[in-house]
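Visitor: Supplied in structure tokens, the structure appears directly below.
The values are calculated or read from the model by the stated rules, or taken from the named source; none is laboratory data. These numbers were taken from a predicted model, which means no experiment stands behind them. No Cβ is skipped: glycine too gets one built from the backbone with ideal geometry, and neighbour counts run over all protein chains shown.
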Amino acid sequence: MSSRANISGNSPYEPVVGYSRAVRVGNQVFVAGTTATDDAGNIVGAGDAYAQAAQALRNIERALRSAGAEMRHVVRTRMFVIDIATNSAAVGRAHGERFRDIRPVATMVEVSRLIDPAMLVEIEVDAVIDTA
């Protein structure tokens, strides 16, 4: 049986809801939906979908590193976007800049809202760490 490691992040919701920022099982890492929070758990990039997506991706990268993975190991992303007609290009640009050469499979869907009204995007990823 593969060992399991739970990785904590900077979200004030983790202890309340009872989830981990990331979970590593064997060579796989699953990162929970991640938003644009700073180290204190405050939302950054108010009203700016690009800035929020870029911050969410930085938070994801930190979680991956804590689990022994890197962004290059990401094989799947899911982007949940408020008002996709307005924000999809900005979120897509941030995603494209970060994953241009990695090219994971990706899904972007519109949601009516996220846990905080100031949040415009939430991103989750799955990664598989190279064994070679």
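Visitor: If the requirement is being touching a residue at least 40 places away in the same chain (Cβ under 8 Å), part of a loop (DSSP other than H, G, I, E, B) and surrounded by fewer than 17 Cβ atoms within 10 Å (Cβ to Cβ), which of these qualifies: D126, D130?
Guide: D130
Visitor: With the requirement that a residue be assigned to a strand (DSSP E or B) and among the charged types (D, E, K, R), what does segment 52-85 give you?
Guide: R76, R78, listed by residue number.
Visitor: Could you list, in sequence order, all residues of segment 73-91 that are more than 13 Å from A53 (Cβ to Cβ) and either within 14 Å of the chain's Cα centre (by Cα) or hydrophobic (A, V, I, L, M, F, W, C) (or both)?
Guide: The answer is H73, V74, V75, R76, A85.
Visitor: Cβ-Cβ under 6 Å, sequence separation 6+ or interchain: first residue in segment 103-120 and farther than 26 Å from R72 by Cα, partner of a type in the set (S, T, N, Q) and assigned to a strand (DSSP E or B). Which pairs?
Guide: If the second residue must be of a type in the set (S, T, N, Q) and assigned to a strand (DSSP E or B), no pairs are left.
Visitor: Let me ask something else about it. Residues in segment 9-22 that are under 13 Å from the mean Cα position of the chain (by Cα) and either over 18 Å from D130 (Cβ atoms) or not in a strand (DSSP E or B) (or both): how many?
Guide: 5
Visitor: I would also like to ask the following. Quick check on segment 81-101. Is at least one of its residues in contact (Cβ under 8 Å) with a residue 24 or more places away in the chain, closer than 19 Å to S11 by Cα and crowded, with 17+ Cβ neighbours inside 10 Å?
Guide: Among the residues of segment 81-101, at least one is in contact (Cβ under 8 Å) with a residue 24 or more places away in the chain, closer than 19 Å to S11 by Cα and crowded, with 17+ Cβ neighbours inside 10 Å, which makes the answer yes.
Visitor: Of the numbered conditions (1) in contact (Cβ under 8 Å) with a residue 60 or more places away in the chain; (2) part of a strand (DSSP E or B); (3) surrounded by fewer than 21 Cβ atoms within 10 Å (Cβ to Cβ), V31 fails exactly one; give the number of that condition.
Guide: Only one criterion is unmet by V31, namely (3).
Visitor: Working carefully through the options A94, A132, find the one that is small (G, A, S) and either on the phi > 0 side of the Ramachandran plot or at pLDDT below 95 (or both).
Guide: A132
Visitor: Moving on. Tally the residues that are crowded, with 16+ Cβ neighbours inside 10 Å, under 24 Å from A90 (Cα atoms) and free of Cβ contacts under 8 Å to residues at least 60 places away in the same chain, restricting the search to segment 59-77. If you could, list the steps in order and put the result at the bottom.
Guide: Narrowing segment 59-77 to residues crowded, with 16+ Cβ neighbours inside 10 Å: 59-64, 66-67, 69, 71, 73-74, 77.
Imposing the further condition that a residue be under 24 Å from A90 (Cα atoms) reduces the set to 59-64, 71, 73-74, 77.
This time we only want the ones that are free of Cβ contacts under 8 Å to residues at least 60 places away in the same chain, so: 59, 61-63, 71, 73-74, 77.
Selection size over segment 59-77: 8.
Visitor: Here is a further query. In segment 36-93, which residues are of a type in the set (D, E) and within 18 Å of V109 (Cα to Cα)?
Guide: D48, D83, listed by residue number.
Visitor: Could you tell me which numbered condition I43 fails, if it satisfies all but one of (1) buried (at least 16 other Cβ atoms within 10 Å of the Cβ); (2) without any contact (Cβ under 8 Å) to a residue 12 or more places away in the chain?
Guide: For I43, the failing item is (2).
Visitor: Identify, by number, the condition in (1) under 14 Å from the mean Cα position of the chain (by Cα); (2) over 23 Å from R98 (Cα atoms) that T35 doesn't meet.
Guide: (2)
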